[in-house]
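Comments concern the structure below.
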Amino acid sequence: MKRIVSISTKQHWDPFPDTSYLEAPEFEDRFQCYRNGDFSFLGITAEAEIVVNGVCQTITSGGLWGIESDSDHQYLCEVEQEEVDQLKAILQSLGFTDGELPSTR
């Protein structure tokens, strides 16, 4: 027996962002903001808590990392939805049907 308990999105602090693009001359002001700590970088994942044969498991989408923490809220929501969609595809590959997938957003 298998079932999906929950699906959620998470924003994680990105400890190793690729900031090399900020070193270009046109990003000098933005790079200074980063160095001042005005923004950081994050990653977004979607996670499913599932139960398979009585064992709880966490299945995670691949995630998108290197997102500027002060990005537009709409953009962050779009990334979250893309991660949920990716996670649903993973769950389907594990044998869950459309009927077993919870509706999200």
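The values are calculated or read from the model by the stated rules, or taken from the named source; none is laboratory data. None of these values were measured; they are calculated from a predicted model. We place every Cβ from the backbone using ideal geometry, glycine too, and count neighbours over all the protein chains shown. Accessible surface areas use protein heavy atoms only, side chains included; no ligands, DNA or RNA. Shrake-Rupley method; radii C 1.70, N 1.55, O 1.52, S 1.80 Å.
Structure above, values below:
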item	result
Hull-based mean projected area of the chain, where the convex hull spans the alpha carbons, in square nanometres	7.8 nm²
Whole-Hz ³J(HN,Hα) from phi, Karplus 6.51 cos²θ - 1.76 cosθ + 1.60, for the range 60-65, glycine and proline x	10, 5, x, x, 10, 10
Solvent-accessible area per residue for the chain (1.4 angstrom probe, square angstrom)	63 Å²
In sequence order, calculated HN-Hα J values of the range 43-56 (Karplus, 6.51, -1.76, 1.60; Hz; x Gly/Pro)	x, 10, 10, 10, 10, 10, 9, 10, 10, 10, 6, x, 9, 6
Other-chain or far-sequence residues with amide H under 5 Å of D14's (modelled H)	F41, L42, G43
Carbon/sulfur fraction of accessible area - the chain, other protein chains in place, 1.4 Å, %	51 percent
Angle between the chain longest axis and helix 73-93 axis [Cα atoms, degrees, rounded to 10]	30 degrees
Environment charge of S93, counting only residues whose C-beta is closer than 15 Å and scoring Lys/Arg +1, Asp/Glu -1	-1
Helix-derived mean residue ellipticity, 222 nm - over the chain, DSSP H n ≥ 4, -39500 (n - 2.57), to 500	-9000 deg cm²/dmol
Sequence-distant residues sharing a close amide H with G63 (under 5 Å, placed H)	A46
Mean Cβ count within 10 Å, highest first, over the residues of peptides 89-95, 76-82, 52-58	76-82, 89-95, 52-58
Contact order relative to length of the range 1-89, as percent, for alpha carbon pairs under 8 angstrom and 6 or more apart	35 percent
